[in-house]
């Protein structure tokens, strides 16, 4: 099946029962598949009037206690930013899939890119933490969509699945395991007296149990800065307390959240950093470089945000250079450079979008570093 | 002699008294609409534990913050799509959208017409005070022609929406308009709106003496006098005749009250497999 269909099946396997969408190439197939499957499993699909409404409906459905998602591409992702921010502030679990295409603006609707990675990080206003995953194959989209729901429910946060047109439209064999073999996580339910429940009083891990609308807790939820009762509180102290918790609950769990993969990394001197479809390019390039005697390895990001800073810093201590491979003109590359902090040079093999990066470009970059011709 | 404790306010259980005082200005009409809405919820007999208030942004949008029910204060203009998601995800909920004219009809206008067209089972209460109050009194999609606001210093060059006409044309199954002087009719209307399955819309004309009245040489009591002397109740009046023009007189009343299957009814019938659809309709008590 295609990556898009695998994404929808992953969502269903994760227990998603609400999809609020809006058609957009190359993500439409996810909505189409959900429109067919959700009513069969007791869920609800709705095509809203735009992506602003789609995202608002997803946050509303999740507040009603249902695992909820949407899927879109660049232009729609831009429109969703407002209510992604609402979900961050109100700590509402949800999953947003971005099947990236080339931009800016309408760009190349049918051709892929990986150029929304910084938008994923900072697209909504204000300072916040977010979780974003980047699958490299239809099988991985299936699993990562499940992981996205689990992380969203565990940390009460929107989780972004940042795939791309190439993977979304790629047809590969996908194995769907038995439900008993899939680990699912649901939001923590409140305990104790309903009239004493404080909807934003967190446990020691920074995460508060979540009451759904209609459960009798009579909660108030707002996108304004709020205290643990959920009440708007317009003070610097309340802002500081809320922000420290919103940011801290992710930063404090980075080791649990971050997933990465290493390939021929143990003795690697030149490390390719990549994710999504570009990681597929990188595997081929690493093998080819090894054949020509270059000690190449791949550090693949499965979780892109929060960024695996510590791992890059550790690698920077011992490797000769980094090569970031991504279909944009330098986004995750900036993070690699930042974390390498001058200890190892970083070179970008980027692309403006619309095509995948040929392995030859990556090999050339590694060869020139190996020869010492290029100090990136 | 000790003074006897004052009797509890009849709405005390529905108000977050620990959030009082509220932010609304003296002379503002929102409080009247708010209490009429709460009285209506109480007298309608709906299950309050299953009742949710959703607001957008603005003075009226703060309503959700004062009601002691599950309440969601969302983003500007997005109360209706948020409420749509909530209602479809859990059809057992009674979802009430309480917001202002700027929120519902300018930034949120597109969502309003689509929710009405779909006939989502929501009750939408709009406090129409003819301007953006919270930001200091700017022109809105409801500001009368020639009226002065901070962004129409020479007078408004635009024509306002006729909200009941818009609601009717978009497919709302219940449409009414009152002013804050007509609290009894208003409360009755909100009860009907709450009990009517489908998209219900109640517009309430309300003064904003600080930001709108002041700039249009309208003292608070004069606004109320207009509501008394320049309005006429005409139930079932044709929606095309419902523009707000106090010089000609403003028509109040209930204009639409029809039954149409809701969006969820149709979804269950058309989209779900037969066995699931039957369970869903049995649960809905249909």
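Readers should treat all values here as calculations from the given coordinates under stated rules, not as data from a laboratory. Predicted model, so just to flag it, every value in this text is computed and none were measured. Cβ: placed from backbone, ideal geometry, glycine included. Neighbour counts: every protein chain shown.
Show me A:252-263, B:62-73 ranked by packing, highest mean number of other Cβ atoms within 10 Å first.
In descending order of packing, they fall as B:62-73, A:252-263.
To the nearest 500 deg cm²/dmol, what mean residue ellipticity at 222 nm is calculated for chain B from DSSP H runs of n ≥ 4 alone, each contributing -39,500 (n - 2.57), summed and divided by the residues?
-9000 deg cm²/dmol
With the contact rule set at Cα under 8 Å and sequence spacing of 6 or more, what percent relative contact order holds for the stretch B:1-87?
27
Classify the stretch A:3-181 as rounded, prolate or oblate, taking a ≥ b ≥ c as the square roots of the eigenvalues of its Cα gyration tensor: rounded when a/c is under 1.5, otherwise prolate if a/b is larger than b/c and oblate if not.
rounded
For residue A:254 and residue A:341, what is the calculated FRET efficiency with R₀ set at 25 Å and r taken between the beta-carbons, to the nearest 0.05?
The calculated FRET efficiency here is 0.90.
Show me A:229-237, B:192-200, A:324-332 ranked by packing, highest mean number of other Cβ atoms within 10 Å first.
Going by the mean number of other Cβ atoms within 10 Å, highest first, we get A:324-332, B:192-200, A:229-237.
In whole Å, what is the distance between the alpha-carbon centres of the stretch A:116-135 and the stretch A:211-243?
Result: 23 Å between the Cα centres.
Can you tell me which of A:153-164, B:23-34, A:353-364 comes out highest on packing, and rank the rest after it, using the mean Cβ neighbours within 10 Å?
Highest to lowest by the protection proxy: A:153-164, B:23-34, A:353-364.
Given a 10 angstrom Cα cut-off, can you work out which residue in A:47, A:239, A:144 is the most mobile in a GNM of chain A?
Highest fluctuation among the options: A:239.
For the pair residue A:205/residue A:175, report the inter-label distance in nm, with labels modelled 7 Å from Cα in the Cβ direction.
2.9
How many Cβ atoms of partner chains, on average, are near each residue of B:103-110 if near means within 10 Å of its Cβ?
1
Nearest 10 degrees, 0 to 90: what angle lies between the long axis of helix A:236-251 and the longest principal axis of chain A (Cα atoms)?
50
Test of understanding: express the Cα radius of gyration of the stretch A:1-105 as a ratio to 2.2 N^0.38 Å, with N the residue count.
In units of the 2.2 N^0.38 Å rule of thumb, it is 0.97.
For the pair residue B:195/residue B:18, report the inter-label distance in nm, with labels modelled 7 Å from Cα in the Cβ direction.
3.5
GNM, chain B, Cα, under 10 Å: largest mean-square fluctuation among B:91, B:21, B:144?
Comparing B:91, B:21, B:144 in a Gaussian network model of chain B, the most mobile one is B:21.
For the stretch A:254-376, what's the relative contact order in percent, using C-alpha pairs closer than 8 Å and at least 6 residues apart?
Taking the mean separation of contacting Cα pairs over the length of the stretch A:254-376, I get 28 percent.
Peptide B:268-275: average number of partner chain Cβ atoms within 10 Å per residue?
3
Let me have the 222 nm mean residue ellipticity of chain A computed from DSSP H runs of 4+ only, each contributing -39500 (n - 2.57), with the sum over all residues rounded to the nearest 500.
Mean residue ellipticity, 222 nm, calculated: -12000 deg cm²/dmol.
What does the extension gain come out to for residue A:236 and residue A:292, with contour length at 0.36 nm per residue minus their alpha carbon separation?
Gain on extension, residue A:236 to residue A:292, equals 14.3 nm.
Give the percent of DSSP beta bridges with both residues in the stretch A:99-244 that are antiparallel, rounded to the nearest 5.
Bridges in the stretch A:99-244 that DSSP calls antiparallel: roughly 40 percent.
Under the rule a/c < 1.5 gives rounded, and otherwise a/b versus b/c splits prolate from oblate, where does chain B land using the Cα gyration tensor?
Oblate, because a/c is 1.5 or more while a/b does not exceed b/c.
Using all alpha carbons of the stretch B:1-113, what is the percent of pairwise distances in each 5 Å bin, ordered from the shortest bin to the longest?
Pairs per bin, as whole percents: 2, 12, 20, 22, 20, 12, 6, 3, 2, 1, 1, 0, 0.
Kirkwood hydrodynamic radius for the protein assembly as shown: how many Å is it when counted over pairs of different Cα atoms?
Computed over Cα pairs of the protein assembly as shown, the Kirkwood hydrodynamic radius comes out at 26.6 Å.
Taking 2.2 N^0.38 Å as the expected size of a compact globular protein, what ratio does the Cα radius of gyration of the stretch A:242-285 give against it, to two decimals?
That ratio works out to 1.66.
Based on alpha-carbon centroids, what's the gap between the stretch B:87-131 and the stretch A:142-179 in Å, whole number please?
Value for the Cα centre distance between the two parts: 33 Å.
Taking every DSSP beta bridge with both residues inside chain A, roughly what % is antiparallel (nearest 5)?
20
Could you work out the relative contact order of chain A? I mean the mean sequence separation of Cα pairs under 8 Å and 6+ apart, divided by the number of residues, in percent.
Reported as a whole number, the value is 16 percent.
Once both axes come from the Cα atoms, what is the angle between helix A:3-13 and the longest principal axis of chain A, in degrees from 0 to 90, rounded to 10?
That works out to roughly 40 degrees.
On C-alpha positions alone, give me the angle between the axis of helix B:30-44 and the longest principal axis of chain B, in degrees, nearest 10.
30
Just how far, in whole angstrom, is the stretch A:333-367 from the stretch A:38-56 if you go by their alpha carbon centroids?
Centre-to-centre distance over Cα atoms comes out at 38 Å.
How do B:59, A:89 line up, fewest other C-beta atoms within 10 Å first?
In order of increasing Cβ crowding within 10 Å: A:89, B:59.
Other chains near A:254-266: what is the mean number of their Cβ atoms within 10 Å of each residue's Cβ?
If you average over the peptide's residues, the count of other-chain Cβ atoms is 0.
Please build a GNM for chain A, connecting alpha carbons under 10 Å apart, and tell me which residue among A:214, A:76, A:276 fluctuates the most.
A:214
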